[in-house]
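A.B. asks: Shown below is the structure under consideration.
The values are calculated or read from the model by the stated rules, or taken from the named source; none is laboratory data. Just so you know, these numbers come straight off a predicted model, no measurement behind them. For neighbour counting, all protein chains shown are included, and Cβ atoms are generated from backbone atoms with ideal geometry for every residue, glycine included.
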DNA sequence: CTGTTAGCGCCTTCAT
DNA sequence: ATGAAGGCGCTAACAG
């Protein structure tokens, strides 16, 4: 049985009758190499199928071409779409992505971050984050750039890529109000997430502008993961507690869960209850669903993260670490059938 | 401005008044270390927050704790669910996952594999693969274990995790036949994928067993990505060409696209056309969709991949590389509303 | 333009 | 039970 040892730079050097530094130079496209030598080496590299060891390279350069994507759950189509944008841009620049699904569990988050730091990832994208300062401090200590997507924290520094969530919440609620709704449930809010607060603020302001009194009982804070079942269950609850004719949910998955709960209780959508979601995940466009929602340019947001990280990683090292970026995209109301027409 | 150098094993050694080898030993839980020394070192490690450099470790051990998940598109919920299963199991064993979305494009696939090999990943999961032998040869040459999920190749060796796709295709078609359908379109087939061939074979056999003649014109091979739009477009075509009362699509996304196309052409589902999908992605259960489909235990399949890889990576090195595993799960028919009831 | 030297941070014999 | 030395594969000064 033959031993298949991995080729090293030294063997290439020997084959080409040069030193390994010379090979290293052509491998890294450095100048000051004789054109003949360069070609000869490149040819050999190609012929024998030599592939530089990225691990060894990382060790000496102190840098890796690996990024991390920290998310609540990659099964949520919103995150998957952001991830794809990031991944595509990353691939163009020669970076690869490690995915970490935390289920919004601080311990899992810690575990993952620890692993990522051990592997000296070049940058981290947070699409979900516990808000735990200690974790961010660790990352900062390791001098690793990071960016929040669709997340923002007043107390925690960092680049971020967002949409105007306030405006999104406003548009969603305003749409329902225009259709004649007065008792509008909001599935969202809570205190941990700036994104949620902003959406809720938009909801409140739209009510106010329309002269509708804010009613605390119509606001249900989501606890736990932002998934379908969560929306389903919370809606089951509020259907027993309150009367209302419309729902604005903080994301599409929750909205869909709410929809299912309404149907199960004999409510018709949109005749009895109108629903607006948030994110505009692909499925909301399906004809028998047709959920009205707020669009976020998810793919583009993912790409933008890569741009930001790339600049931080490779950019001029003038310490501009203090000037954090805040990229804000514009939300758009996507009107579909789940709200029906003007009533009463 | 303070320089924040990363702590190294040597500094820990100095703090503990021992040599770095001793520190290394306790870090790796090796025996033959004085219990006092061990505790002292562990305490220091904890106190100063030292984190071993995984890159350096990988370089010397020649192994990494990084796996790769190669898929067509992570936005496809089927893949996302498999990925989550893999990721969860991986996290339990201290592995992390790099995701690679290839869009079933050989060049992208090559590019990614190249990157993965350069980084010496410990193992690869293919959820989508071009069938390119050369690529597999490279991987084998690097001695990296890999497993195919939901894919199987006669000519290409490797472990695989599958369902009985033939049976899945049979169940789907049989269901339609039982409901009285005779002209059943199949969106699938083609020659590249064993999985597709098997599903189609099930389709054919079910027809045969029911005494229905196989009609080539009712079979449309999917080209391109297995996504919603692809299903939509191909269905638009066949609606113009043929008469039929039912569709069996090779996956749910295609089925959903077909559904949308039918609606657009004024067909009602299930009254005019019955539809069966494949995979049982979460969204098919939504009440206003309720797509009849074939369930695959996606999450479990992902977990299984981890088990297989772990054994190959860490297992006893007795060369059992020839005995490839073939794990087969059982598909289940999930009856929902998209097929309606018995007709005529 | 090219070779030599010296590590990157860690693990692993081999002595002691 | 511990330390010293050497090396994983590569890059980066520094000479020449």
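A.B. asks: Quickly run through the range B:1-12 and pick out the residues that are away from chain A (no Cβ under 14 Å) and either near DNA strand D (Cβ under 8 Å from one of its atoms) or surrounded by 12 or more Cβ atoms within 10 Å (Cβ to Cβ) (or both). Working first, answer last.
C.D. replies: We begin by selecting, within the range B:1-12, every residue away from chain A (no Cβ under 14 Å); these are B:10-12.
Those that are away from chain A (no Cβ under 14 Å) and either near DNA strand D (Cβ under 8 Å from one of its atoms) or surrounded by 12 or more Cβ atoms within 10 Å (Cβ to Cβ) (or both): B:11, B:12.
A.B. asks: Continuing with the same structure: When you go through A:211, A:180, A:257, A:224 one by one, which is the residue that is exposed (fewer than 15 other Cβ atoms within 10 Å of the Cβ) and within 21 Å of residue A:333 (Cα to Cα)? Spell out how you get there, then give the answer.
C.D. replies: Values: A:211 fails: within 21 Å of residue A:333 (Cα to Cα); A:257 fails: exposed (fewer than 15 other Cβ atoms within 10 Å of the Cβ); A:224 fails: within 21 Å of residue A:333 (Cα to Cα).
Of the residues listed, the single one that is exposed (fewer than 15 other Cβ atoms within 10 Å of the Cβ) and within 21 Å of residue A:333 (Cα to Cα) is A:180.
A.B. asks: What are the residues in the range B:268-289 that are under 18 Å from residue A:283 (Cα atoms) and assigned to a loop (DSSP other than H, G, I, E, B), if any?
C.D. replies: Of the range B:268-289, the ones under 18 Å from residue A:283 (Cα atoms) are B:269, B:275-289.
Within the range B:268-289, B:269, B:277, B:278, B:280, B:281, B:286, B:287, B:288, B:289 qualify.
A.B. asks: Quick one: what pairs do we get from the range A:27-52, first residue touching a residue at least 12 places away in the same chain (Cβ under 8 Å) and within 17 Å of residue B:115 (Cα to Cα), second within 13 Å of DNA strand D (Cβ to nearest atom) and not in a helix (DSSP H, G or I), C-beta under 6 Å, 6+ apart or different chains?
C.D. replies: A:27/A:52; A:50/A:7
The rows are residues; the columns are (1) part of a helix (DSSP H, G or I); (2) at the interface with another protein chain (Cβ under 8 Å from one of its Cβ atoms).
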position: A:80; (1), (2): yes, yes
position: A:84; (1), (2): yes, yes
position: A:89; (1), (2): yes, no
position: A:100; (1), (2): no, yes
position: A:103; (1), (2): no, no
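A.B. asks: Here's another thing I want to ask about it. Being within 14 Å of chain A (Cβ to nearest Cβ), buried (at least 22 other Cβ atoms within 10 Å of the Cβ) and closer than 13 Å to residue B:338 by Cα, is that true of even one residue in the range B:227-248?
C.D. replies: no
A.B. asks: Moving to a separate point now. Would you mention how many residues in the range B:1-19 are more than 9 Å from DNA strand C (Cβ to nearest atom), modelled with pLDDT of 85 or more and not in a helix (DSSP H, G or I)?
C.D. replies: Residues meeting the conditions: 2.
A.B. asks: Right, another one. Could you tell me whether residue B:93 is in contact with a helix residue (DSSP H, G or I) (Cβ under 8 Å, 6 or more places away or on another chain), surrounded by fewer than 20 Cβ atoms within 10 Å (Cβ to Cβ) and touching a residue at least 60 places away in the same chain (Cβ under 8 Å)?
C.D. replies: Numbers: in contact with a helix residue (DSSP H, G or I) (Cβ under 8 Å, 6 or more places away or on another chain): yes; surrounded by fewer than 20 Cβ atoms within 10 Å (Cβ to Cβ): yes; touching a residue at least 60 places away in the same chain (Cβ under 8 Å): yes.
The answer is yes for residue B:93.
A.B. asks: Right, residue B:73: within 8 Å of chain A (Cβ to nearest Cβ), in contact with a strand residue (DSSP E or B) (Cβ under 8 Å, 6 or more places away or on another chain) and assigned to a loop (DSSP other than H, G, I, E, B) or not?
C.D. replies: On the way: within 8 Å of chain A (Cβ to nearest Cβ): yes; in contact with a strand residue (DSSP E or B) (Cβ under 8 Å, 6 or more places away or on another chain): yes; assigned to a loop (DSSP other than H, G, I, E, B): yes.
Criteria met by residue B:73.
A.B. asks: From B:232, B:166, B:203, B:214, which residue is part of a loop (DSSP other than H, G, I, E, B) and in contact with a helix residue (DSSP H, G or I) (Cβ under 6 Å, 6 or more places away or on another chain)? Explain how you work it out, then say what you get.
C.D. replies: On the way: B:232 fails: part of a loop (DSSP other than H, G, I, E, B); B:166 fails: part of a loop (DSSP other than H, G, I, E, B); B:203 fails: part of a loop (DSSP other than H, G, I, E, B).
After ruling out the rest, the residue left standing is B:214.
A.B. asks: Follow-up question, since we're still on this one. What are the residues in the range B:169-194 that are under 21 Å from residue B:134 (Cβ atoms) and part of a helix (DSSP H, G or I), if any?
C.D. replies: Matches in the range B:169-194: B:194 only.
A.B. asks: Here's something else I'd like to know. Residue by residue through the range B:105-157, note down the ones that are assigned to a loop (DSSP other than H, G, I, E, B), out of contact with any helix residue (DSSP H, G or I) (no Cβ under 8 Å at 6 or more places or on another chain) and within 10 Å of chain A (Cβ to nearest Cβ).
C.D. replies: B:121, B:143 - these are the residues of the range B:105-157 that are assigned to a loop (DSSP other than H, G, I, E, B), out of contact with any helix residue (DSSP H, G or I) (no Cβ under 8 Å at 6 or more places or on another chain) and within 10 Å of chain A (Cβ to nearest Cβ).
A.B. asks: Sticking with this one: Those residues that are within 42 Å of the chain's Cα centre (by Cα) and more than 9 Å from DNA strand D (Cβ to nearest atom), I need them from the range A:13-37; list them, please.
C.D. replies: A:26, A:29, A:31, listed by residue number.
A.B. asks: Does residue A:66 count as touching a strand residue (DSSP E or B) at 6+ places or on another chain (Cβ under 8 Å) and within 16 Å of DNA strand D (Cβ to nearest atom)?
C.D. replies: Numbers: touching a strand residue (DSSP E or B) at 6+ places or on another chain (Cβ under 8 Å): yes; within 16 Å of DNA strand D (Cβ to nearest atom): yes.
When the stated conditions are applied, residue A:66 passes them.
A.B. asks: In addition: Could you please find all residues in the range B:38-57 being assigned to a helix (DSSP H, G or I) and either within 11 Å of chain A (Cβ to nearest Cβ) or within 16 Å of DNA strand D (Cβ to nearest atom) (or both)? Explain how you work it out, then say what you get.
C.D. replies: Looking only at the range B:38-57, we keep the residues that are assigned to a helix (DSSP H, G or I), and these are B:38-48, B:54-57.
Those that are assigned to a helix (DSSP H, G or I) and either within 11 Å of chain A (Cβ to nearest Cβ) or within 16 Å of DNA strand D (Cβ to nearest atom) (or both): B:38, B:39, B:40, B:41, B:42, B:43, B:44, B:45, B:54, B:55, B:56, B:57.
A.B. asks: If you check B:60, B:33, which single one turns out to be surrounded by fewer than 20 Cβ atoms within 10 Å (Cβ to Cβ), within 9 Å of DNA strand C (Cβ to nearest atom) and more than 7 Å from every other protein chain (Cβ to nearest Cβ)?
C.D. replies: Details: B:33 fails: within 9 Å of DNA strand C (Cβ to nearest atom).
Selected residue: B:60, the only one of B:60, B:33 that is surrounded by fewer than 20 Cβ atoms within 10 Å (Cβ to Cβ), within 9 Å of DNA strand C (Cβ to nearest atom) and more than 7 Å from every other protein chain (Cβ to nearest Cβ).
A.B. asks: So which of A:302, A:315, A:277 ends up being more than 12 Å from chain B (Cβ to nearest Cβ) and in contact with a strand residue (DSSP E or B) (Cβ under 9 Å, 6 or more places away or on another chain)? Let's see the steps before the verdict.
C.D. replies: Values: A:302 fails: more than 12 Å from chain B (Cβ to nearest Cβ); A:315 fails: in contact with a strand residue (DSSP E or B) (Cβ under 9 Å, 6 or more places away or on another chain).
Answer to the selection: A:277.
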